[in-house]
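Notes follow once the structure below has been shown.
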């Protein structure tokens, strides 16, 4: 009999609805691990805007150390509109974690779930199943805290695109397309850029074409970012994997989330070579915090991504099977069309949605 593998999961619940969606998700993971040839060891750690207000520290070093040592990080949400640093910027420890742990690939899936109402009337919208892979450590975000204001007459931020950063990002996108192709997807990567205007984007595309040659079984094409934004509305079902710069990815991934029901349905992973952080795409939503209205679906699907990522790293196939079970349970919960989160006009809150998923495991 194979010995059970144990995986340490650092849990950072954060602010607002973060703890609520985390509390809805962890019991599902514990249920999946019960009797399985793996175990999940959860440890919760503080951080966020409210912690900053109370202590002056948004991301304690002990929390960062625990995140760095863990096999994976499960993140709720952090931030609070009225709580900011002295320079006026928001409290965003998730950005600090991306930078310090080198989580260069922001993976943002958008999949139409059965039974969930969609904004596009075209029946082909039911076929939306794409992934935006966003570079998360450079691009325009490289200027975070480094931009300059000159004599109160102009402000400047600098776009940074490096060969090393682009190569590893494009390779990640092509490897993701390989895995998706084995699961029945198109096996295509689209480079989203503005290469007709900016040298940095032309360089990003040049590196993409060079790396594409290493993956001859994967189709590679290009799309300008403005045309991509248009086609995400006109015909989003044509896309498989899109790879793009940080700011472009920030915008397009939110647009893609809107196509499948909104941020409450949108999972994500911030992944590097050594670490992985998984979180819902939504924020802390102070306006509904503590009311039981938060939709935990994005967090639950992010947890499924975490299991799948751990399976790929460890070779423990049972983790991949657990990830698939969790995804199918979410699909089954919504398939009847009666389960409806508040943001989609329904009356089903955090507990009702988590219970519906649990009943389908």
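Values in this text are rule-based calculations from the coordinates and carry no lab data. As the structure is a computational prediction, the values presented were derived from the model and not from experiment. All Cβ positions, even for glycine, are placed from backbone atoms using ideal geometry, and neighbour counts span all protein chains on display.
Descriptive notes on the structure:
- Inter-label distance for residue 122 and residue 234, nm, one decimal - labels placed 7 Å from Cα along Cα-to-Cβ: 0.9 nm
- Normalised alpha carbon radius of gyration of region 205-361 [divisor 2.2 N^0.38 Å]: 1.17
- Sorted by Cβ neighbour density within 10 Å, fewest at the top, the residues 191, 281: 281, 191
- Shape metrics for the chain, restricted to C-alpha atoms - Rg then Dmax, Å: 20.0, 71
- Label-point separation, residue 255 to residue 183 (7 Å along Cα→Cβ), nm: 2.4 nm
- Hull volume per residue, based on the alpha-carbon atoms of region 119-259 and their convex hull, is 119 Å³.
- FRET efficiency, 1/(1 + (r/R0)^6) with R0 45 Å, evaluated for residue 69 and residue 224 via beta carbons: 0.60
- If a spin label sat at a point 7 angstrom from the Cα of residue 317 along the line to its beta carbon, the backbone N atoms of region 25-41 nearer than 15 Å would be those of 37-38.
- Mean-square fluctuations from a GNM of the chain, with a 10 angstrom spring cutoff on Cα atoms, peak among 86, 164, 67 at 86.
- Burial order of peptide ranges 224-231, 5-12, 315-322 (average beta-carbon count within 10 Å, highest first): 5-12, 315-322, 224-231
- Cut-off 17 Å, label 7 Å out along Cα→Cβ of residue 287, residues of region 77-120 by amide N: 79-83
- Of the residues 160, 330, 21, the one that moves most in a GNM of the chain with alpha-carbon contacts below 10 Å is 160.
- Between 81, 60, 341, the Gaussian network model of the chain with springs among Cα atoms under 10 angstrom shows the greatest mean-square fluctuation at 81.
- For region 304-355, average projected area of the Cα convex hull in nm²: 4.0 nm²
- Spatial separation of Cα centroids for region 29-49 and region 317-345, in angstrom: 19 Å
- Packing-based ranking, highest mean first, of 260-270, 286-296 given that Cβ atoms within 10 Å are counted: 260-270, 286-296
- Sorted by Cβ density within 10 Å, fewest first, the residues 85, 52: 85, 52
- Between residue 155 and residue 55, the simple label model (points 7 Å from Cα in the Cβ direction) yields a spacing of 3.1 nm.
- Ranked by how many other beta carbons lie within 10 Å on average, peptides 112-121, 171-180 from highest: 171-180, 112-121
- The calculated 222 nm mean residue ellipticity attributable to helices in the chain amounts to -13000 deg cm²/dmol, summing -39500 (n - 2.57) over DSSP H runs of n ≥ 4 and dividing by all residues.
- Counting beta carbons within 10 Å around each of 302, 39 and listing the fewest first gives the order 39, 302.
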